Structures are given as C-alpha cells and as structure tokens.
Amino acid sequence: MNNDEIKKLSGLAAIEVSEEETHSFSQDIHEILKFLNQISEVDTSSCEPQHRASNVVREDENSFEKGVFTDDILDRTPQKQDGFIKVNKIL
C-alpha cells in the first residue's frame, strides 16, 4: 500500500494520521504482506486439513409462540405505553 492508499483508508476509518504515521503504516503493511506471501508459498499438499466443515445454521429448538411472554415482560417494566416498553429518547 502506498501513502495515498493509507490516507484514503484513514479517511474511511475517520481517523487522523500524520505524514510520519502514514509512512510507518505503509512500511508495516508492506512487511505484513511480505510475510503473507511467504506463508502462501509453503507446500501444504501433503498435509491433511485440520478442520471439519459443519452446518452452523440450525432450526431454533426452543422457539415460542409470538407474544407468550409479552404480558410478563410488560408487568416487570417500569414504563409502558400501548403494549410497548417506553424508554427515554436517545437522539
């Protein structure tokens, strides 16, 4: 990454980066990418994969009917209005 790309990235991240930091980050990212290239050159053809693919999407086992707990929750709420929990305005 060059200095212009670092400046663009810092703008997207909404952080201020000095010229010195820009140069330093550019060098750091260059070293990281060099290291990643070394890793990608390692011959792993004789290695067995060490992970198992699994399905992380599942059906909810404890699903409840809509509104089953509504009255209980509203009874424990200090402020409610028209069947909803009333909270202070935050914006």
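Values computed for the structure shown
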| item | result |
| --- | --- |
| Residue among Asp4, Asp72, Asp43 that is without any contact (Cβ under 8 Å) to a residue 24 or more places away in the chain, assigned to a helix (DSSP H, G or I) and exposed (fewer than 10 other Cβ atoms within 10 Å of the Cβ) | Asp72 |
| Test result for Lys80, surrounded by 10 or more Cβ atoms within 10 Å (Cβ to Cβ) and not aliphatic (A, V, I, L, M) | yes |
| Criterion: of a type in the set (A, V, I, L, M) and touching a helix residue (DSSP H, G or I) at 6+ places or on another chain (Cβ under 9 Å) - qualifying residue of Ile90, Ile85, Ile73 | Ile85 |
| Test: residue in the stretch 17-36 that is at pLDDT 90 or above, surrounded by fewer than 10 Cβ atoms within 10 Å (Cβ to Cβ) and among the small types (Gly, Ala, Ser) | yes |
| Identity of the residue in the stretch 46-86, among the hydroxyl-bearing types (Ser, Thr, Tyr) and under 32 Å from the mean Cα position of the chain (by Cα), that ends up modelled with the highest pLDDT | Thr77 |
| Scan of the stretch 23-48 for residues that are in contact with a helix residue (DSSP H, G or I) (Cβ under 6 Å, 6 or more places away or on another chain) and not aromatic (Phe, Trp, Tyr), ordered by number | Ser26 |
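The values are calculated or read from the model by the stated rules, or taken from the named source; none is laboratory data. Since this is a predicted model, take the numbers as computed values, not measurements. Every residue, glycine as well, gets a Cβ built from its backbone with ideal geometry; the counts of neighbours run over all protein chains shown.
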